[in-house]
Number of protein chains: 4
Amino acid sequence: MLQQLRQFRDERDWAQFHNSKDLALALSIEASELNEVFLWKKAEDADPVRVREELADVLLYAFQLADKYGWDIPQLMQEKIDRNAEKYPADKARSSSAKYDKL
Amino acid sequence: MLQQLRQFRDERDWAQFHNSKDLALALSIEASELNEVFLWKKAEDADPVRVREELADVLLYAFQLADKYGWDIPQLMQEKIDRNAEKYPADKARSSSAKYDKL
Amino acid sequence: MLQQLRQFRDERDWAQFHNSKDLALALSIEASELNEVFLWKKAEDADPVRVREELADVLLYAFQLADKYGWDIPQLMQEKIDRNAEKYPADKARSSSAKYDKL
Amino acid sequence: MLQQLRQFRDERDWAQFHNSKDLALALSIEASELNEVFLWKKAEDADPVRVREELADVLLYAFQLADKYGWDIPQLMQEKIDRNAEKYPADKARSSSAKYDKL
């Protein structure tokens, strides 16, 4: 997957634009387009075809940003899962949508 | 990974909050926190430790949203890569940051 | 108001950070914090005190960005209201949440 | 201005969509479109015509959200300016882009 993303970028000579700040911005813009699919609607009325496309765009930029820093994605996700388990102990966080500092 | 995320959610009884609209919103909020690491700074001055953490949060919500719809992540990314290759032909898009409809 | 914002900025020597790209990014981050007040909740369960504060932050950056370009805010809003009235004719857009290009 | 926005909304029967959560989401989406004008570019290379339009969209939703709660905009901005003056004392915050809790 990363191999393909790099090749796609390099065939278009786009590495010049892909600094980490703009990659993060691009990710955020795609996240916003994902949210637009749900705007003025109930969750179940959003078009899944469009959700899928916009989510893919988010993921593609997320992977490219990780690649920019040379990070391993499963590893950074695993670390965060472990950290969240500490921040949100199951017994304190049960059935609550509060942020960790309000538990 | 998905197995862990589901268990984490269920031990906290959080499935009740996790409708797709709010998952997309949560993803977007994390994307914004990722951007905050770069705010008022050059790309290279952003703290990589914080970038890594916020990117992990984005990815965790992206995976949970995909899981909500029962989607396979490598597959939806592959589809989008193929579609982008059509929208941005290498010869037209070379060295340009224009959107596909301006090429 | 603008007078105060400029004085606030200059007493802190912050003009150096306030390029238009980062001002737009700051605005977007505040917009996201505004959305966080509604996350996992129904509209009516969001804390109005926090909504008010985050909305104020959005407006402060919006005013500063307009000021950066030397724009008059009531005038740019009026122009957009006029343009929207053309894009969304009352008879076609009635009771529809569709985007103008889908009407 | 508010009078016009209300009339615009009511002629299209859009009040049904305008709950505060979706208004905040719409604002955030417009903020993201504003950022898209700057994407992959230096601040000075962004098209001012597009910046102006997207900023207007942000402001229109900000005004509608304030109106939804019955708030006076100059007043809520003034309150926030006063609060920021406390959070960021001029002598401590000078020439620093740090958040108030890091000063």
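Quick look at the numbers
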read-out	value
Filtered residues of region C:43-69 (kept if assigned to a helix (DSSP H, G or I) and farther than 17 Å from C:SER32 by Cα)	C:GLU44, C:ASP45, C:PHE63, C:GLN64, C:LEU65, C:ALA66, C:ASP67, C:LYS68
Filter result for A:LEU34 (over 18 Å from B:ASN19 (Cβ atoms), at pLDDT 95 or above and either under 15 Å from the mean Cα position of the chain (by Cα) or part of a helix (DSSP H, G or I) (or both))	no
Index of the failed condition, D:GLN7 passing every other in (1) open to solvent by 20 Å² or more (accessible area, probe 1.4 Å); (2) modelled with pLDDT of 95 or more	(2)
Residue match in region D:52-60 (condition: open to solvent by 60 Å² or more (accessible area, probe 1.4 Å) and of a type outside the set (Asp, Glu))	no
Tabulated pairs, region C:24-45, first closer than 22 Å to C:LEU60 by Cβ, second crowded, with 18+ Cβ neighbours inside 10 Å and among the basic types (Lys, Arg), C-beta under 7 angstrom, 6+ apart or interchain	C:PHE38/D:LYS21
Filtered residues of region C:70-82 (kept if in a helix (DSSP H, G or I), within 8 Å of another protein chain (Cβ to nearest Cβ) and open to solvent by 40 Å² or more (accessible area, probe 1.4 Å))	C:PRO74, C:GLN78, C:GLU79
In region A:37-50, residue surrounded by the fewest Cβ atoms within 10 Å (Cβ to Cβ) [restricted to those that are of a type outside the set (Gly, Ala, Ser) and touching a Phe, Trp or Tyr at 6+ places or on another chain (Cβ under 7 Å)]	A:PRO48
Some residue of region A:87-101 being within 14 Å of chain D (Cβ to nearest Cβ) and either closer than 30 Å to B:ASP45 by Cβ or open to solvent by less than 30 Å² (accessible area, probe 1.4 Å) (or both)	yes
Hits in region B:1-40 - residues which are of a type in the set (Lys, Arg) and at the interface with another protein chain (Cβ under 7 Å from one of its Cβ atoms)	B:ARG12, B:LYS21
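The values are calculated or read from the model by the stated rules, or taken from the named source; none is laboratory data. The structure presented is a predicted model; accordingly, all values stated were derived computationally and were not measured. In this analysis, Cβ positions are derived from the backbone assuming ideal geometry, glycine residues included, and neighbour counts consider all displayed protein chains. Keep in mind that these areas ignore ligands, DNA and RNA; they rest on the heavy atoms of the full protein, side chains included. Shrake-Rupley method; radii C 1.70, N 1.55, O 1.52, S 1.80 Å.
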